[in-house]
1. Measuring from a point 7 Å past the Cα of ARG427 along Cα-to-C-beta, which residues in segment 235-259 have an amide N at less than 18 Å?
2. For segment 202-288, report the convex hull volume of the alpha-carbon atoms normalised per residue, in Å³, without decimals.
3. Hey, could you pull the Cα Rg and Dmax for segment 231-409, both in Å?
4. Tell me, what is the percent relative contact order of segment 231-409, built from C-alpha pairs under 8 Å that lie six or more residues apart?
5. Place a point 7 Å from the Cα of SER374 along the Cα-to-Cβ direction; which residues of segment 221-260 have their backbone N under 19 Å from it?
6. Which cross-chain or sequence-distant (5 or more) residues have an amide H under 5 Å from the amide H of ALA147, H modelled 1.01 Å from N in plane?
7. Tell me, in nm to one decimal, what length is gained between ILE420 and ASP354 on full extension, where the rule is 0.36 nm per residue of separation less the Cα-Cα distance?
8. Taking the mean number of other Cβ atoms within 10 Å as a proxy for protection, how do you rank 298-306, 232-240 from highest to lowest?
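Since every read-out is calculated from the coordinates, none of them should be taken as a lab result. The structure presented is a predicted model; accordingly, all values stated were derived computationally and were not measured. In this analysis, Cβ positions are derived from the backbone assuming ideal geometry, glycine residues included, and neighbour counts consider all displayed protein chains.
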Amino acid sequence: MSTGTESASSDSRPQTLTASETQDWRPPGGKPRSLNYLDSPEPSPRVASFAERDVFTVSVTGETQDEPPDTAGTRRPSLIIDHYLSATPTDGRPRTPLSPASSSSPSPLSPAPRYPGWLSAVVAPLKSFINDQVDPRDLYADLREIAEGESGSVYAARVLGAPGSPERQSSCFVAIKNVPILPSGSPKIDDLRRELTLMKGVSHVHILTMDELYVDLVEDSLWICMDLMERSLADIIAYADEGIVFHEKSIARVAGDVLHALDYLQTKGIAHRDLRSDNLLVNLEGVVKLADFSSAVQVSRENPTRTELAGVAYWQAPEIRSGSYNALKVDVWSLGATIWELAQAEPPFSDIADPREFGDELPALSQPEIYSRSFHDFLHLCSKPSSSRPDPHDLLSTPFIRNPSGRQAIAELLADCRAIEERMSRRQSADSTGTVSRS
């Protein structure tokens, strides 16, 4: 794009990094980051990489491959927003999630006549979700690349004010995933269709959804529009050795946001099954949103049992590794593992190479005395056996969740991360020029 404009398994860190390399991992400064809006899964900063899951394979005949993700590949940090977006976006634009385009009013146009030749065949599986009534270049301007991946780049874009649409403010920014469409096939179209089908009708302040899907005829690509987020919790944890610390009340704020998302999803019978710090994104206002529903399933309360593996071992409920499990219970365990990670700045069990040796309870904290009784009680509840593990709704009323920090504390953590990156950038610049820079 022109800027003119699963089988689940343990993380592959032991196979790709030595112990010392793992502890010394740092995101490279100044490079565009990969965005885990659609690139999934992404490992935690102190965890090695997973395979690229954002590569679509679909032939123009409509045949698809449904392959489970593997766990090899190269770790790429997730989204970092440039300073030109430091102003807080307005809340004026519609926040409704993407739903089938046909739900509004029947359109005489469809991808078949709308898009020429092979392009129509490739996007056919997504035709009910594509908004083909407008040119996306008429809706968004000032595109600037903020992340890159194997299947395409992610851009921050300014929403253009549209006549008769006062809710679309020119000061509002969104994220646009640009996915090239190839005659031989295009990135995981069928997987994307399943995720869109699952998520239609899902709308919650703490859930990141794909708002719109367009086809750009100029460059033969999909434009996937989403809320613009600054970075993941994993990206924040990456700077632990630079002084970034999640204090208990800030952790409670994060946990509360996630529990509200999970409580809502349970009303829809949806289990995320891949909840971890990489899939929890934060915006400039300090609001946490659950992202990446590529492993999610919809079940009934009467029959919530699943048998397939899902998620990444460090955050994975132990019953998933044992066979059949209640899908509506596993996300609470994963939340507990993520809370443990925020406190320890590394995932639980990260010192154990074989997931078969992971315990059925979260490990002891290295400094348990600095945390309150309510914090320890919360972790204990999250790691209870599935049969007695509380639902998200029950956990919302626990003392730990009822005593959070304000959102400003999360926003300040983001500001601290940006300050660290600025210092790193200045040092790198000084090193490259041979000059001395005051940090």
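1. Only 236-245 fall inside the zone, counting backbone N under 18 Å.
2. 135 Å³
3. Rg and Dmax of segment 231-409, Cα atoms, are 15.2, 48 Å.
4. Taking the mean separation of contacting Cα pairs over the length of segment 231-409, I get 29 percent.
5. Under 19 Å, as judged by backbone N against the label point of SER374, lie 246-260 of segment 221-260.
6. Amide H neighbours of ALA147, under 5 Å, 5+ apart: ARG33, VAL154.
7. Here the answer is 20.3 nm.
8. With the highest mean Cβ count within 10 Å placed first, the list reads 232-240, 298-306.
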